[in-house]
Amino acid sequence: MLRDTVRRFMATEVHPLEASLPHDAAGLPREQLLVLQEKARKLGLWAMQTPVEYGGAGLSVLGQVIVAEEAAKCRMGAFFPALGAFGGNPPNVMFKAPPEQFAKFAQPIIDGTATKAYTSISEASGGSDPARAIQLKAVRDGDHYVLNGSKMWTSHAENADWGVVYARTGEGRGGISCFIVEKGTPGVSFHRINVMASFAPFEVHFDNARIPVGNLIGEEGKGFALASDFLIYGRIMYAAGPIGIAQEALDMACRWAKDRDVFGGKLSDKQGIQWMLVECEVELRAARLLMYQAAWNADLGKDVKVDASVSKMYGTEAAFKILDRCIQIHGALGLSDELPLERWYRDLRVKRLGEGATEVQRVVIARELLR
Ligand SMILES: Cc1cc2nc3c(=O)[nH]c(=O)nc-3n(C[C@H](O)[C@H](O)[C@H](O)COP(=O)(O)OP(=O)(O)OC[C@H]3O[C@@H](n4cnc5c(N)ncnc54)[C@H](O)[C@@H]3O)c2cc1C
C-alpha cells in the first residue's frame, strides 16, 4: 500500500512538475517545493525516518527503503528523491541532542520551516578514515569554540539554514566533536566544487569562526561515537535510491529494445541484448533482496553492521553496472539529455564513493568475516 501511494504521487505530482525543469536541475525552486510538500504531507508522506512523536511518519527501516526506492524514480531522484516532497529529516545525530537543541534546530526541519541540514565530515586529507583525517580545529574560548580549517565535498551546504560539522578538539578518535554551524556565522564561507554529479558540493572554510558552546552536540570528544551509531542505518538506506533508479532504467531498456528495429528485427529479438537484460534483472533482484534483508534485520533489532555494508556495496555497484548496460542498449540516445539515463549514470558513479566507498564496505565485511 505504501509503495502504491508513493508510485501514484510520483506519477501525478512529481513527473509532470519535473518535465518542465532543465535536465540538470538541482532541486525545486522554494515556492514550488512548498506546494509539493503540502500535497505529500496530506497523504502522510512526510519525514519518514523521524519518529511519530516528533511529527514524522516513524516508518520501519523496511518501510523507509521501499519509499526511498520509489521516490528515486525521477530524473533528479539520485540526490533529490521525489524532488524533496517528503520533507526533511534532521541529521540522525540530532536525535541524541538535548531537548532544547532539538527544538531549536531539528524540529523546524521536521515541521518544514527550515531547509535540510548538511553534514560535513570529509576533508582534503581524506574521507574514508575520518577519525584520522579530520584536521579542522576547534579550540574552546570562553563560551565559544573557535573553528579554523576547511571541509571538502559537503553537499547542499551553501543554502542550508544550518549543518553538522565534525572538528578536532583533541587527539585520536576521542578527539572529535560535533557542532551545529548556523547560516551566516561570521568566518564561514562556501566554495563550489564542480564534480561529474548533477549538483556541486562545497568546500566549507572556517576562518576564526566562533561557534557557541550551546551548539556542541553531545559531549566534547564524543562526536565520532555519535556519528558511528547512525552510520549503519544510513548505509542500508543509501542503496535504495540506486536500486530504484536501476529498476527504472531496466524498464526503459526493455521498452526500447522491443521498439527498436535492427537488422530486420527488433533489438529485443537478439540474444546478446536479452542476456544483457537478464544480467540486469538478476543483479537487481539480488541487490533488492540484500537490502530488504538488511532492513528487516534492522527492524528486528539485530546487529546489521555486515548486512548494511553488503547491501550498500552490492546495491550501488550493481545499479551502476545496470545503468551502463541500459545506456548501451539505448545507443547514442542513452548518452543524450533527451533521457535521464546519462544523468543517473553520473549520479550513481558518486554513490559508489559516498557514505563509505565500496572499498570501505569491503574492509568492514572482511574484518567481520575473519574475526
Ligand atoms: C558529490 C559528492 C558529495 C559528497 N558529499 C559529502 C557530504 O555531504 N559530506 C561529507 O562529509 N562528505 C561528502 N563527500 C565526500 C565523500 O564522502 C568522500 O569522497 C568519500 O568518503 C571518500 O573519501 P575521499 O574522497 O577522501 O577518498 P579517500 O579516503 O582518499 O580514498 C581514496 C580511495 O581509496 C579507497 N580506500 C580507502 N581506504 C581503503 C582501504 N583500507 N583499502 C582499500 N582501498 C581504500 C577509497 O575507497 C577510495 O576509492 C561527497 C563526495 C562527492 C563526490
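See the values below:
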read-out: Considering residues of the range 187-209 that are part of a strand (DSSP E or B) and within 12 Å of the ligand (Cβ to nearest atom) only, the residue nearest to residue 137 (Cα to Cα); value: 204
read-out: Test: residue in the range 94-104 that is open to solvent by less than 40 Å² (accessible area, probe 1.4 Å), modelled with pLDDT of 95 or more and over 30 Å from residue 45 (Cβ atoms); value: no
read-out: Residues that are open to solvent by less than 60 Å² (accessible area, probe 1.4 Å) and assigned to a loop (DSSP other than H, G, I, E, B), drawn from the range 212-269; value: 218, 221
read-out: Selected residue (criterion: farthest from the chain's Cα centre (by Cα)) from residues of the range 105-122 that are within 12 Å of the ligand (Cβ to nearest atom) and open to solvent by less than 10 Å² (accessible area, probe 1.4 Å); value: 120
read-out: Among (1) within 14 Å of the ligand (Cβ to nearest atom); (2) of a type in the set (Gly, Ala, Ser); (3) at pLDDT 95 or above; (4) in a loop (DSSP other than H, G, I, E, B) - the single one residue 184 does not satisfy; value: (1)
read-out: Answer from 167, 131 - the residue that is of a type in the set (Gly, Ala, Ser), in contact with a helix residue (DSSP H, G or I) (Cβ under 9 Å, 6 or more places away or on another chain), within 16 Å of the ligand (Cβ to nearest atom) and in a strand (DSSP E or B); value: 167
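The values are calculated or read from the model by the stated rules, or taken from the named source; none is laboratory data. These numbers come from a predicted model, not from an experiment. Backbone-built Cβ (ideal geometry, glycine too); neighbour counts: all protein chains shown. Note: areas computed on protein heavy atoms with side chains; ligands, DNA, RNA excluded. Shrake-Rupley method; radii C 1.70, N 1.55, O 1.52, S 1.80 Å.
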